[in-house]
Amino acid sequence: MVPIVTTPRLMAVGGGALAELPDTLRRIGLSQPLVVTDPYIASCGILDRATALFDSAQIRWSVFSDTVADPTTAVVETGTRRLADGDFDSVVAIGGGSSIDTAKAMSVLVANGGQMRDYKVPGDIPKAGPPVVAIPTTAGTGAEVTRFTVITDTATDEKMLIAGLPCCPLAAIVDYELTLSMPLRLTADTGLDSLTHAIEAYVSRRANPFTDGLDKSAMGLIARHIRTACAEPDNRPAREAMMLGATTAGMAFSNASVCLVHGMSRPIGAFFHVPHGLSNAMLLPEITAFSVPAALERYADCARAMGVAEEDEGSQAAVARLLDELRALNTDLKVPTPRAWGIDAMRYEELLPVMASQALGSGSPANNPRTPTSDEIIELYRRVYG
Ligand SMILES: [Fe+2]
């Protein structure tokens with residue numbers, strides 16, 4: 001089957017790109033945005049810079065700044081009422097993946113009604129809502145370019161994956177300067193999320209020649225710069241590389257999907273409130289070891305793209321280096337095991353069947369080169385617990 005590729009229509013990419021915000025809206029015929037962001041962005045000066053740009057371009061704007069980490073159906077519903085009650089033609093999301101995902105979900109809900117769970121995978125989203133313009137302030141989830149949003153159902157604690165063209169932002173402003181000074185933990189977690197996107201999209205059963213190039217580029221950028229970005233928060237070349245890596249990995253996984261790591265990561269996030277990138281990182285080395293036998297050459301390519309294996313090195317040796325590097329990254333960037341993070345052993349064990357069922361239900365494990373059974377997922381959860 002020919003891959004169908006979805007990307008935003010317009011992207012401004014580079015240091016200082018935020019200044020393009022009014023023109024970006026104008027170019028796609030939008031003039032009355034509701035800005036969706038979180039309390040931190042609303043207070044740190046970034047929101048003020050965006051609204052000052054609107055003011056100087058005489059664009060009327062309003063702000064919904066109540067987004068939360070791991071966005072919930074409750075917050076999305078509040079935001080959707082706000083969007084429906086005003087005279088808005090667009091949603092401008094400024095923030096990390098949570099704010100961008102909230103904006104996407106609000107756009108879906110305002111256009112289609114009902115409840116968020118009506119649209120979870122494999123559900124369909126009938127209508128596109130007001131266009132989303134996404135401005136990431138982390139590098140990152142790639143949410144600025146993906147056709148996905150992930151929303152936690154307040155009633156069931158399930159992290160629901162919602163997918164479709166109406167979730168893809170119409171435009172993105174990718175300005176690495178917004179990530180300067182970001183603290184180590186956030187840099188590491190979001191960077192490891194991006195690396196996971198690139199690796200998973202590359203080994204995915206739905207990988208294609210378009211996404212392969214993006215993945216290799218992203219893996220090279222992220223693997224070579226993540227430690228520097230963490231150690232030197234104001235290192236501009238490192239920040240630029242991380243942002244480019246995050247966005248290109250986002251374009252790749254939006255079109256090739258993520259796999260078992262993300263499938264298993266969402267339930268850990270939903271039940272134990274582990275940040276998304278961190279729960280991915282907890283899983284990545286072991287899930288990679290589990291999956292390697294089914295896609296040795298592809299994983300060896302990952303090692304080469306990341307610069308941890310020589311181009312002419314055999315695949316078996318290259319994959320051993322990949323596993324070593326993924327474990328070293330977790331050590332260097334202080335990624336804890338679920339046990340060290342404080343997850344209660346009894347509660348974890350008790351929830352394993354439902355976590356495995358939610359992981360399989362998301363569809364992501366079906367893209368994995370080695371497709372796991374429910375029992376194998378439970379065993380993998382036990383193996384990473386620590
Ligand atoms: Fe992710």
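Taking only segment 74-110 into account, find how many residues are in a helix (DSSP H, G or I) and over 19 Å from residue 146 (Cα atoms).
Of all residues in segment 74-110, those in a helix (DSSP H, G or I) come to 74-85, 97-110.
Filter again for over 19 Å from residue 146 (Cα atoms), leaving 74-75, 77-85, 110.
Final tally of qualifying residues: 12.
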Strands (runs of 3 or more DSSP E) wholly in segment 134-197 with at least 2 residues that are under 28 Å from residue 122 (Cβ atoms) and more than 16 Å from the ligand (Cβ to nearest atom) - which ones? 171-174
So, residue 231, is that one more than 24 Å from residue 148 (Cβ to Cβ) and surrounded by fewer than 24 Cβ atoms within 10 Å (Cβ to Cβ) or not? yes
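This table checks each residue for (1) of a type outside the set (Gly, Ala, Ser); (2) under 21 Å from residue 259 (Cα atoms); (3) under 22 Å from the mean Cα position of the chain (by Cα).
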{"site": "302", "(1), (2), (3)": "yes, yes, yes"}
{"site": "334", "(1), (2), (3)": "yes, no, yes"}
{"site": "346", "(1), (2), (3)": "yes, no, no"}
{"site": "354", "(1), (2), (3)": "yes, yes, no"}
{"site": "358", "(1), (2), (3)": "yes, yes, yes"}
{"site": "369", "(1), (2), (3)": "yes, yes, yes"}
{"site": "381", "(1), (2), (3)": "yes, yes, yes"}
{"site": "386", "(1), (2), (3)": "no, no, no"}
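When the residues of segment 50-73 are filtered to those that are part of a helix (DSSP H, G or I) and surrounded by fewer than 15 Cβ atoms within 10 Å (Cβ to Cβ), which remaining residue is nearest to the chain's Cα centre (by Cα)? It would help to see each step written out before you state the result.
Filtering segment 50-73 down to residues part of a helix (DSSP H, G or I) leaves 50-56, 73.
Then keep just the ones that are surrounded by fewer than 15 Cβ atoms within 10 Å (Cβ to Cβ); that gives 52, 55-56.
Details: 52: 28, 55: 31, 56: 32 Å.
Among those that are part of a helix (DSSP H, G or I) and surrounded by fewer than 15 Cβ atoms within 10 Å (Cβ to Cβ), it is 52.
For the subset of segment 253-263 comprising residues that are touching a helix residue (DSSP H, G or I) at 6+ places or on another chain (Cβ under 6 Å) and within 12 Å of the ligand (Cβ to nearest atom), which member is nearest to residue 354 (Cα to Cα)?
Step one: of segment 253-263, the residues touching a helix residue (DSSP H, G or I) at 6+ places or on another chain (Cβ under 6 Å) are 253, 255-263.
Going one step further and asking which of them are within 12 Å of the ligand (Cβ to nearest atom), we end up with 253, 257-259, 261-263.
On the way: 253: 26, 257: 23, 258: 20, 259: 18, 261: 16, 262: 16, 263: 13 Å.
Here the residue is 263.
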Per the filter on segment 264-299, residues away from the ligand (no atom under 16 Å from the Cβ) and among the β-branched types (Val, Ile, Thr) are 292
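One residue is enough: does segment 291-306 have a residue meeting the conditions under 19 Å from residue 339 (Cβ atoms), at pLDDT 95 or above and small (Gly, Ala, Ser)?
Taking segment 291-306 as the starting set, the residues that turn out to be under 19 Å from residue 339 (Cβ atoms) are none.
No: segment 291-306 contains no residue that is under 19 Å from residue 339 (Cβ atoms), at pLDDT 95 or above and small (Gly, Ala, Ser).
Collect the residues in segment 34-45 that are buried (at least 18 other Cβ atoms within 10 Å of the Cβ) and out of contact with any Pro (no Cβ under 9 Å at 6 or more places or on another chain), keeping them in residue-number order.
We begin by selecting, within segment 34-45, every residue buried (at least 18 other Cβ atoms within 10 Å of the Cβ); these are 34-38, 41-42.
Hits for segment 34-45 are 35, 36, 37, 38, 41, 42.
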Counted residues in segment 343-377 being at pLDDT 95 or above, in a loop (DSSP other than H, G, I, E, B) and buried (at least 18 other Cβ atoms within 10 Å of the Cβ) come to 4
Since residue 216 meets every condition but one in (1) within 18 Å of the chain's Cα centre (by Cα); (2) surrounded by 22 or more Cβ atoms within 10 Å (Cβ to Cβ); (3) not acidic (Asp, Glu), which condition does it not meet? (2)
Pairs needed: first member in segment 275-296, in a loop (DSSP other than H, G, I, E, B); second member anywhere, within 11 Å of the ligand (Cβ to nearest atom); C-beta distance under 9 Å; at least 6 residues apart or different chains. 275/189; 275/190; 275/193; 275/269
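The values are calculated or read from the model by the stated rules, or taken from the named source; none is laboratory data. Just so we're clear, the structure is a prediction, and the values are computed from it rather than from any experiment. Glycine gets a Cβ as well: all are built from the backbone with ideal geometry, and neighbour counts include every protein chain shown.
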